[in-house]
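Comments concern the structure below.
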Amino acid sequence: MADLVRSASGPLILRGGGTRAIGAVGPGNLLETGGLSGVTLYEPGALTLVVGAGTPVAEVERALAAEGQRLPFEPPDLRGLLGRSGESTIGGVVAANASGPRRVQAGACRDSLIGVRFVDGTGTVIRNGGRVMKNVTGIDLVKLLAGSHGTLGVVTEVAFKLLPAPELAATLCVAGLDGAEAVMAMAAALGSPYDVTGAAHLPGRGTFLRLEGFETSIRYRAKELARVLGRFGSVAEVGGDIWPQIRDVTPFADKPGDVWRLSVTPTDAPGLVARSGAEAAIYDWGGGLVWLLLPPGTDLRAVLGPFMGHATRVRGEGPIAAFHPEPAPIAALAAGLRAKFDPRGLFNPGLMRAA
């Protein structure tokens, strides 16, 4: 990989499985990471995994499941939403910092990432972090690479801390809440001592709270959490597993229109949803993440005007930038980082520079 980057005579379009990329890049030669595949080190007793960036996520999850373990951050699979095929790779998950409903309890992908190896724009192989969590001095490149969408370097290997898989999961549902009421209910649940690992609201379907752990603990916590939620409405435990639908935004997969992702303060979410004119909405992360289905060509940022947060267009055609414009100081910092790590401007040119 280092040789390929050093010998590049023009821009490179980085791709793992090609299942979750968003936004438009300029012209360039395709550079795929699928050959960087396989588990380098797996120590179940130490809850540590080191794996090549091109390894399919499904392969990683199978290996962990065999040992009763999992990736803490519940990576989403957006192939259905985006109409993609192929195999999602673990490097693509890191590049997008892709994180599912469990982020409210376990943190994002970058919070489980403890080591990274990548090739920068000069063709230099850089390693940062390792197999254990420890204090960091200087720039934490592990966190910097997560969510950079392949604009700072080619991720070749990643290391994660893991968690045991739970013995049992239970989901409580509060029926009949509007967006504002749902946000209050989710805040009450997340602020309780009952270790909620998922808090989502599907308008018209209910407000869902997830508990995970040992069976005896789940039964006690579910009973107590139902008491906390009782003041908001009727509470019932629901069967089945609704969380993959929330994680993968499945309700929007077969519906026409543009899909936007709002990252906001939860209490601001209901008002923004109302202003957006969205055809449908899904609240996750207690309301901190909102998925919106909008008519094709809608510029959500123009509709909402200034607000605290980010609006990212995940699905849609036309000239609207995918990524939210950055404030000038942050844009200058990002440009400086790109100039340092990719001085020739090779990687995914123009991808994260919002219009």
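Every number here is computed from the coordinates shown, using simple stated rules; none is lab data. Note that this is a predicted model, so its numbers are computed, not measured. Note that we place each Cβ from the backbone using ideal geometry, even for glycine, and neighbour counts take in every protein chain shown.
Rounded to the nearest 20, the Cβ-based charge dipole of the chain about its Cα centre (Lys and Arg +1, Asp and Glu -1) stands at 580 debye.
Our helix-only sum for the chain, with -39,500 (n - 2.57) per DSSP H run of n ≥ 4 divided by its residues, gives a mean residue ellipticity at 222 nm of -7000 deg cm²/dmol. Helix 179-190 and the long axis of the chain differ in direction by around 80°, with both axes built from C-alpha atoms. Taking the Cα centroid of region 220-244 and of region 251-295, what is the distance between the two, rounded to the nearest whole Å? When both Cα centres are located, 23 Å separates them.
Grab the alpha carbons of region 63-153, take their convex hull, and tell me the volume per residue in Å³.
Details: hull volume 12.5 nm³, N = 91.
Value for region 63-153: 137 Å³ per residue.
For region 240-355, the Stokes-Einstein estimate of translational diffusion at 37 °C and a viscosity of 0.692 mPa s comes to 211 µm²/s, using the Kirkwood hydrodynamic radius over alpha-carbon pairs. Charged side chains reduced to their Cβ positions (Lys and Arg at +1, Asp and Glu at -1) give region 2-164 a dipole of some 280 debye around its Cα centre. Any idea which of Val158, Gly130, Pro101 is furthest toward the positive side of the dipole for region 2-164, if Lys and Arg beta-carbons carry +1 and Asp and Glu beta-carbons -1? Highest projection toward the positive end goes to Pro101. Evaluating kT/(6 pi eta Rh) at 20 °C and 1.002 mPa s, with the Kirkwood radius of region 168-247 over Cα pairs in the Stokes-Einstein relation, gives 174 µm² s⁻¹. Working from Cα pairs under 8 Å separated by at least six residues, relative contact order for region 146-253 is 32 percent.
For the chain, what number of Lys pairs, 8 or more residues apart or on separate chains, have alpha-carbon atoms under 27 Å from each other? For the chain, qualifying lysine pairs total 5.
Applying the criteria of a DSSP loop state and at most 11 other Cβ atoms within 10 Å to the GluC sites (Glu not before Pro) of region 55-111 yields no site. Using Cα centres only, tell me the gap between region 90-109 and region 5-62 in whole Å. Cα centres, region 90-109 to region 5-62: 15 Å. Between helix 328-341 and the chain there is an angle of about 50 degrees, using the helix long axis and the longest principal axis of the Cα atoms. Each Lys or Arg adds one and each Asp or Glu takes one away; over the other residues whose Cβ falls under 11 Å from the Cβ of Ala2, this sums to 0. Charged side chains reduced to their Cβ positions (Lys and Arg at +1, Asp and Glu at -1) give region 104-237 a dipole of some 220 debye around its Cα centre. How high is the relative contact order of the chain, in percent, counting Cα pairs under 8 Å that sit 6 or more residues apart? The normalised contact order for the chain reaches 19 percent. If I fit a long axis through the Cα atoms of helix 215-229 and take the longest principal axis of the Cα atoms of the chain, what angle between them do I get, 0 to 90°, rounded to 10? Long axis of 215-229 versus the principal axis of the chain: about 70 degrees. By the beta-carbon count within 10 Å of each Cβ, the least crowded to most crowded order of His324, His201, fewest first, is His324, His201. Computed over Cα pairs, the Kirkwood radius of region 2-164 leads via Stokes-Einstein (1.306 mPa s, 10 °C) to a diffusion coefficient of 99 µm² per second.
Spread over its residues, the convex hull of the C-alpha atoms of the chain is 138 Å³ per residue.
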